Amino acid sequence: MARVKAIHRSDDYPGMPDEMTRQELVALFQHLFPGNPHPEIDQSHAGLAVAAHNPKLALNLAKLSALIAGELPWSQRRDLRELAIQAVNVHFGSDYSFQARMGAAQAAGISADQLAAIAHWRTSPLFNEEQGLVLEYAHAVASGQVPGALFGRVVERYGEKGAVELTSLIAFWSFWALFLNATRPDED
């Protein structure tokens, strides 16, 4: 059984929410599903459904996710974005998040063989130089040990703005990996 009941629909909220919580639930589901009379968070976003125990938190996480993954200029390279996210998932052993993002990764051009090789990226011939840099950097940021020379290579490749954006993506998806590992929305 999942450690925390997911709130896929607003009427899944446990107990009798107070007025503030009801308003926050309405705001969350209206933001996620504008105009949908029967909004429901799907299973691939179960982490957000768990965070919905605090609807205001879930709303802001959804907004931040959309900003970091969809709006930042660095994230427009969908293949590199998904590779960085999946490297974080591998680093933290977040199988739920890894599986939930497989479709997005493959749609972005990351092959099933590449996904399977992320753990062994240093010795795999499946990744080009730029992909290798993203993987190396994702693992370094997730470990909390980023050598100056590596950061310098990232800045050289993407500029300071791009380095900040890439670091933000890795740090934020590290949050999701850790959150999902703790709450285990995939356990039934």
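Let me confirm something: among Ser124, Ser97, Ser111, which residue is in contact (Cβ under 8 Å) with a residue 24 or more places away in the chain and either outside the structural domain of His53 (by TED's automatic domain parsing) or among the small types (Gly, Ala, Ser) (or both)?
Ser97
Which condition does Ala171 not pass, out of (1) surrounded by 15 or more Cβ atoms within 10 Å (Cβ to Cβ); (2) assigned to a helix (DSSP H, G or I), if it passes all the others?
Unmet for Ala171, out of (1) surrounded by 15 or more Cβ atoms within 10 Å (Cβ to Cβ); (2) assigned to a helix (DSSP H, G or I): (1).
Would segment 136-159 turn up any residue that is surrounded by 21 or more Cβ atoms within 10 Å (Cβ to Cβ), touching a residue at least 60 places away in the same chain (Cβ under 8 Å), out of contact with any Asp or Glu (no Cβ under 7 Å at 6 or more places or on another chain) and more than 13 Å from Ile85 (Cα to Cα)?
Yes, that holds for at least one residue.
Does any residue of segment 126-145 turn out to be in contact with a His (Cβ under 8 Å, 6 or more places away or on another chain) and hydrophobic (A, V, I, L, M, F, W, C)?
Yes, that holds for at least one residue.
Would you point out the residue of segment 1-21, among those that are over 26 Å from the mean Cα position of the chain (by Cα) and not in a loop (DSSP other than H, G, I, E, B), that is surrounded by the fewest Cβ atoms within 10 Å (Cβ to Cβ)?
Applying the filter and picking the extreme gives Glu19.
For the list (1) under 22 Å from Thr167 (Cα atoms); (2) β-branched (Val, Ile, Thr); (3) not assigned by TED's automatic domain parsing to the domain that holds Trp173, I need the number of the one condition that Val4 fails.
Against the list (1) under 22 Å from Thr167 (Cα atoms); (2) β-branched (Val, Ile, Thr); (3) not assigned by TED's automatic domain parsing to the domain that holds Trp173, Val4 comes up short only on (1).
Between a first residue in segment 56-80 that is in a helix (DSSP H, G or I) and a second residue that is of a type in the set (Val, Ile, Thr), which pairs have beta carbons less than 8 Å apart while being 6 or more apart in sequence or on different chains?
Every condition considered, the pairs that remain are Ala69/Ile85; Ser75/Ile68; Asp79/Ile110; Leu80/Val134.
Residues in segment 153-166: is at least one on the phi > 0 side of the Ramachandran plot, assigned to a helix (DSSP H, G or I) and modelled with pLDDT of 95 or more?
Within segment 153-166, one or more residues are on the phi > 0 side of the Ramachandran plot, assigned to a helix (DSSP H, G or I) and modelled with pLDDT of 95 or more.
Among the numbered criteria (1) without any contact (Cβ under 8 Å) to a residue 40 or more places away in the chain; (2) part of a helix (DSSP H, G or I); (3) aliphatic (A, V, I, L, M); (4) closer than 29 Å to Gln145 by Cβ, which one does Ala87 miss?
(1) is the only condition that Ala87 fails.
The values are calculated or read from the model by the stated rules, or taken from the named source; none is laboratory data. The shown structure was predicted, so the numbers you read here are calculated from the model rather than taken from an experiment. For neighbour counting, all protein chains shown are included, and Cβ atoms are generated from backbone atoms with ideal geometry for every residue, glycine included.
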